[in-house]
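Below is one structure; the comments refer to it alone.
The values are calculated or read from the model by the stated rules, or taken from the named source; none is laboratory data. Everything quoted here is computed from the prediction, not taken from an experiment. Here Cβ is always computed from backbone atoms with ideal geometry, including for glycine, and neighbour counts include all displayed protein chains.
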Amino acid sequence: MSNNTSNYQEYTFPKLLEQYDKILIPMIQRDYAQGRTDKKATDVRNNLLNDIFSDNDVHFDLVFGSKEKRIIDGKEMNCFIPVDGQQRLTTLFLLYLYGQKKQNSFQELDLSKFSYDTRRAASDFCKSITSEEWFVQNDKKVSDVIKDSSWFMNYWEKDPTVERMLNMLDAIHEKCREISDYPNLNKVTFFFFDLESNGLNENLYLKMNSRGKPLTAFENLKARMEKILPEDIEIKNNCFPKCDDSPKDSFKAMWKYFMDRNWTEAFWDSTNTDKYDVSIAKFIARFLAGYWAAFGKETAGKTTAKDLKELNRKEQNDKNYSDYILFEPIKTVLVPNKDYPSKAYPSLAYALTTAPQIAPYWTNDAIKVSDRSEYKFLAVIFTYVLFDGDKDAIRFAWNMAENYVTDYDTFVTYCKRAGEISISYLNNDSKFYQSLSSIKSDGNTSDQMKEEIVKAKQILYGAPRSDGKSWEEIIIKAEKFVFFKGAIRFLFTQKDIGDDWEHFDTKWANAQEYFDKDGVKDGNENDKLYKSNALLMKSLLANCDDFGKRIWWHFEFSNDANRWKRILTSSNWRAAVDAIMGTEITDDETSNFIAKINDPYIKNIVDDGLMNYVCTNMSGAWIRSTYHKYHAIWQSGYPSYHIALNPILARLKVENNIEYREKNKIENCRYYKCEDKNVDFKYGCHFFRWWGYPNEKKLDVYLMDNDWADFKKRPNPTNDKCTDEDIYYCFRVTKDMDSDPSKFTDALVNLVKYSE
């Protein structure tokens, strides 16, 4: 195959676009390189463009990849995922894009089909550069045109792929200055090979083009484990699946039998058949890392952070797992010695047998095969094995997995804690809650672990309830309510960080009143519109004790479940959450909260109309500085806009002294939104613009022609400095105008006066 081109088809870039809904450069690919500025990349780029802009045909060699179905923007799409050819396809994309913008050519070519599925910046840039309006200008660099566009986000420049795409567009532009005629890009061709259509996948392709046929990740791991597997491990009832046909004579024989059958099948994914071996190898490697974290000290004398990091490094870097099983920490738990009979193999067998049987705790949805090797699921499996399916332990594990385990570090930390609990559980023949409650918290104990210990103590030792119900019953019910999923410390934690079970029932009743599965909900009465009138959000913010630490750069304005869960469980918001959960929120109660606000910044953002608009239309928005030197609430994601919390214009709006331009208006709100950084307003019968980019030459407020059509110019410049103040009727806003807006309106009047 590697030398035979009979199966290859000759393609152009438009032909490739026509065949697929999307061309996605995947996460595994490196950044776009042909736009780098080093000498080697510059030489490659120049030679490439010289060839393309010549009269000769250009051939880009072989492009190959696989076809995948992806859900994008709610639609199932046929996507081409390049394995080889990313750099050349990106360059062709930029050449066709430039041609569209320069000469209105290739207009029927849908270049939005091409995108980077890597970092968000690269993806958003590709989307914007093909959908937003911009034009090639002969006297300006293309990169400057794009970066000066209102839709361009400044942080995109920090992305290497975006930076290099801009460099390539500039290079194309320079080439066009040398040669008047834009090249016929259809003369640029390449051989195309679709792996799937030819019955191959990426792994097979690589195998066929190598000298030998390498083992898969799973095959490497399996071979190593079978080689060091002891002959005399005791067979336990729960280790292996029930099967009449399996061998019964030894643990090793049964291990090999089920490794080639039931266990492998448990990780088979019909939607991703070429990845199953990686999934099961990853499951085994990560389970053993957790086992070492929990019990390695029993065999090696200690479990060190260095060893755990090395384990993670090996898993990440050794994709064939060729040395993983022979790594000394893993060998110590797998291979028995005179002092310690290994339990790792039986535990792992138990885990592999149990994995397909574990049901989800929060929903009725089945657990995906692809999730079985992920850290959250592994934390549950690990716990199941340690405590032999104890229901209380499993509940604890799901709570920790959902609210703590996110990556390798949290997983191994959890396994260490679970190991501590299991030792107490087995040695003292105690119940799980007793073992859990005996664990000591320290400065490194996670908030969720602290919560689980406190709940265990309350279940065991809490005062009897007046309603006759058990604390365990009530706690579990609260954990399973809407989006809480095990994290309910806000129901029993006071603002001073002490436990408060006395007010639990009140807070629990209010929680059921305020929330549903999607986040904040509305009550049944007009004065309890927690969501649509933003009562809950305003009450929360009104009880905030520190704008800088709690809101500035930290807080996301939203009524959705994910963000409110973060608020409810955050120690930073404990005082404010305690206030709203312990009170029945009404219009009057919210007004009482607002009346007590001392911080002027917080007073600004609890404005009725503002919060209603932000929570409804700007989910996930956050506070930042704006171009007007005032705070602003910025929209999250794309397209981005902001609401400027400008005290001068806000006050004048309330006093009916100014009127915002229609595009800047927000209903029932004294503030304004900006999509292009500037704000247009009318004072009297005159038009003004507060400019979004003031500097030493550009000022803040400008007098405009009618309907903000253009800046009103002075008839003659006042001097030779040629600042905006010399050319236009404008002024710089001063600090004293904040406290006395009449000085601001005086400045507006003076501009009008001088212009007449």
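Under the condition of being outside any strand (DSSP E or B) and aromatic (F, W, Y), which residue from segment 627-686 is surrounded by the most Cβ atoms within 10 Å (Cβ to Cβ)? Step through it out loud before you land on a result.
First, pick out the residues of segment 627-686 that are outside any strand (DSSP E or B): 627-630, 635-641, 645-657, 661-671, 675-678, 684-685.
If we keep only those that are aromatic (F, W, Y) as well, we get 627, 630, 638, 641, 671.
Details: Y627: 18, Y630: 18, Y638: 13, Y641: 17, Y671: 27.
Top of the filtered list is Y671.
When restricted to residues that are closer than 22 Å to D447 by Cα and without any contact (Cβ under 8 Å) to a residue 40 or more places away in the chain, segment 362-373 contains 0. For the residues T590, T616, T586, T626, the requirement of being in contact with a Phe, Trp or Tyr (Cβ under 9 Å, 6 or more places away or on another chain) and of a type in the set (S, T, N, Q) singles out T626. Residues in segment 372-391 that are of a type outside the set (S, T, Y), within 13 Å of A418 (Cβ to Cβ) and in a helix (DSSP H, G or I): L378, A379, V380, I381, F382, V385, L386. Give me the pairs: first residue in segment 459-480 and surrounded by 14 or more Cβ atoms within 10 Å (Cβ to Cβ), second residue part of a helix (DSSP H, G or I) and among the charged types (D, E, K, R), beta-carbon distance under 6 Å, and six or more apart or on different chains, which are they? Pairs found: I459/E472; I475/K455.
From the list V63, V83, V44, the lone residue that is free of Cβ contacts under 8 Å to residues at least 40 places away in the same chain and either closer than 17 Å to S112 by Cβ or outside any loop (DSSP other than H, G, I, E, B) (or both) is V44.
Failed condition for S112, given (1) on the phi < 0 side of the Ramachandran plot; (2) loosely packed, with under 15 Cβ neighbours inside 10 Å; (3) more than 25 Å from the chain's Cα centre (by Cα), with all others met? All conditions are met except number (3).
Results for (1) among the polar types (S, T, N, Q); (2) under 18 Å from L169 (Cβ atoms), shown as yes or no for each residue.
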{"residue": "Q19", "(1), (2)": "yes, no"}
{"residue": "D57", "(1), (2)": "no, no"}
{"residue": "D84", "(1), (2)": "no, no"}
{"residue": "L89", "(1), (2)": "no, yes"}
{"residue": "Y98", "(1), (2)": "no, yes"}
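Considering each residue of segment 371-391 in turn, none proves to be outside the structural domain of G296 (by TED's automatic domain parsing), over 26 Å from the mean Cα position of the chain (by Cα), modelled with pLDDT under 90 and farther than 27 Å from V482 by Cβ. Taking T590 as the residue in question, decide whether it is more than 23 Å from the chain's Cα centre (by Cα) and closer than 28 Å to Y630 by Cβ. Yes; evaluated as a whole, the condition is true for this residue.
So, in segment 202-247, how many residues would count as being more than 19 Å from V83 (Cα to Cα), at pLDDT below 80, part of a loop (DSSP other than H, G, I, E, B) and in contact with an Asp or Glu (Cβ under 8 Å, 6 or more places away or on another chain)? Adding up the residues that qualify gives 0.
Going by the conditions given, is R372 of a type in the set (K, R), surrounded by 15 or more Cβ atoms within 10 Å (Cβ to Cβ), touching a helix residue (DSSP H, G or I) at 6+ places or on another chain (Cβ under 9 Å) and farther than 25 Å from W263 by Cβ? Answer is no for this residue.
Within segment 593-626, the set of residues being assigned to a loop (DSSP other than H, G, I, E, B) and within 23 Å of the chain's Cα centre (by Cα) comprises M618, S619, G620. Cβ-Cβ contacts under 6 Å between residues 6 or more apart (or on different chains), taken from a first residue in segment 86-114 that is outside the structural domain of N138 (by TED's automatic domain parsing) and modelled with pLDDT of 95 or more to a second residue that is assigned to a helix (DSSP H, G or I) and buried (at least 22 other Cβ atoms within 10 Å of the Cβ), are absent. Only one of the numbered conditions (1) modelled with pLDDT under 95; (2) surrounded by 11 or more Cβ atoms within 10 Å (Cβ to Cβ); (3) hydroxyl-bearing (S, T, Y) is not met by Y702, and that is (1).
Yes or no: segment 388-406 includes at least one residue that is buried (at least 18 other Cβ atoms within 10 Å of the Cβ), under 19 Å from N312 (Cβ atoms), in contact (Cβ under 8 Å) with a residue 24 or more places away in the chain and of a type outside the set (A, V, I, L, M, F, W, C). Looking for residues that are buried (at least 18 other Cβ atoms within 10 Å of the Cβ), under 19 Å from N312 (Cβ atoms), in contact (Cβ under 8 Å) with a residue 24 or more places away in the chain and of a type outside the set (A, V, I, L, M, F, W, C), one finds at least one in segment 388-406, hence yes. Residues in segment 68-85 that are out of contact with any Pro (no Cβ under 6 Å at 6 or more places or on another chain) and at pLDDT 85 or above: E76, M77, N78, C79, F80, P82, G85.
Conditions tested, residue by residue: (1) in contact with a helix residue (DSSP H, G or I) (Cβ under 7 Å, 6 or more places away or on another chain); (2) in a loop (DSSP other than H, G, I, E, B); (3) small (G, A, S); (4) surrounded by fewer than 15 Cβ atoms within 10 Å (Cβ to Cβ).
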| position | (1), (2), (3), (4) |
| --- | --- |
| G35 | yes, yes, yes, no |
| L49 | yes, no, no, no |
| L97 | yes, no, no, no |
| E108 | no, yes, no, yes |
| T130 | yes, no, no, no |
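Look through segment 166-192, keep the residues that are within 18 Å of D43 (Cβ to Cβ) and not β-branched (V, I, T), and return whichever of them is modelled with the lowest pLDDT. Show your work before the answer.
Residues of segment 166-192 that are within 18 Å of D43 (Cβ to Cβ), as a first pass: 167-168, 170-172, 174-175, 178.
Among the residues that remain, those that are also not β-branched (V, I, T) are: 167-168, 170-171, 174-175, 178.
Details: N167: 94, M168: 94, D170: 94, A171: 94, E174: 91, K175: 90, E178: 85.
The selected residue is E178.
For segment 514-545, enumerate the residues that are part of a helix (DSSP H, G or I) and surrounded by fewer than 14 Cβ atoms within 10 Å (Cβ to Cβ). N526, D527 - these are the residues of segment 514-545 that are part of a helix (DSSP H, G or I) and surrounded by fewer than 14 Cβ atoms within 10 Å (Cβ to Cβ).
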